[in-house]
Amino acid sequence: MWIKSLIVLCLICLPCSAFAVGSCTQGVADFATPQNPTVRTLTFVCTALAAEATYPATPVSSTNMAKLKGWLLMTGSAVNGATGPTALSVITLSTPTEGDILGGAGKTATAATAALASKFSPLTDTGFSTSGLVPITDNLTLAVTGNSVNAASLTIVFKFVK
């Protein structure tokens, strides 16, 4: 009985920040442009943990993956919120089999200015810094690393074409 009491006491005394994490919400939307009538976006709105300045690695939901498989990743962009992350924080979009499908293009994707949008294209041949379309065939996970700003907010938009 005293063990149960000790466990309950530890849980009560454990600071709430031990369970706290940053957050990233996600959504998929379709839109058309005169140049390309079929464009789909995957948008992440992320806020870093207030105490530790970290973002959670965020798997794309199964509902959103069903909408993206078979599409081609074309570009990405990152826009800082009112409190932006550390300049040059690293954005990766990874699959379990291929790793970062951005090919390292997200290494300089965050800007130092809040209102400035930083645009990037996936690098398909990193030896020549060649960008191109990347087919989506596997589950994706977003990660943002290298941030040191508490509660920094960031919106990341990836564009896909068919």
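Read-outs throughout are calculated quantities, based only on the coordinates presented, and are distinct from any laboratory measurement. Fair warning: this is a prediction, and the values are worked out from it, not measured in the lab. Cβ: placed from backbone, ideal geometry, glycine included. Neighbour counts: every protein chain shown.
Can you give the net charge of the other residues whose Cβ lies under 15 Å from the Cβ of Thr92, counting K and R as +1 and D and E as -1? Before the final figure, lay out each step's value.
Details: positive: Lys107; negative: Glu98, Asp100, Asp138.
With Lys, Arg at +1 and Asp, Glu at -1, the neighbours total -2.
The charge dipole of the stretch 21-161, taken about its Cα centre with unit charges on the Cβ atoms of Lys, Arg (+1), Asp and Glu (-1) only, comes to about 260 debye. Between Ala29 and Asn139, the modelled labels are 2.7 nm apart [label points 7 Å from Cα along Cα→Cβ]. Available extension along the chain between Thr83 and Thr41 is 12.7 nm, counting 0.36 nm per residue and deducting the alpha carbon span. Electrostatic tally near Ile101: other residues with Cβ closer than 15 Å to its Cβ, Lys and Arg +1, Asp and Glu -1, net -1. Could you compute the FRET efficiency for Ser62 and Thr108, with r as their C-beta to C-beta distance and R0 at 25 Å, rounded to 0.05? About 0.20, to the nearest 0.05. Most tightly packed first, judged by the mean number of other beta-carbon atoms within 10 Å of their residues, the peptides 60-66, 86-92 read 86-92, 60-66.
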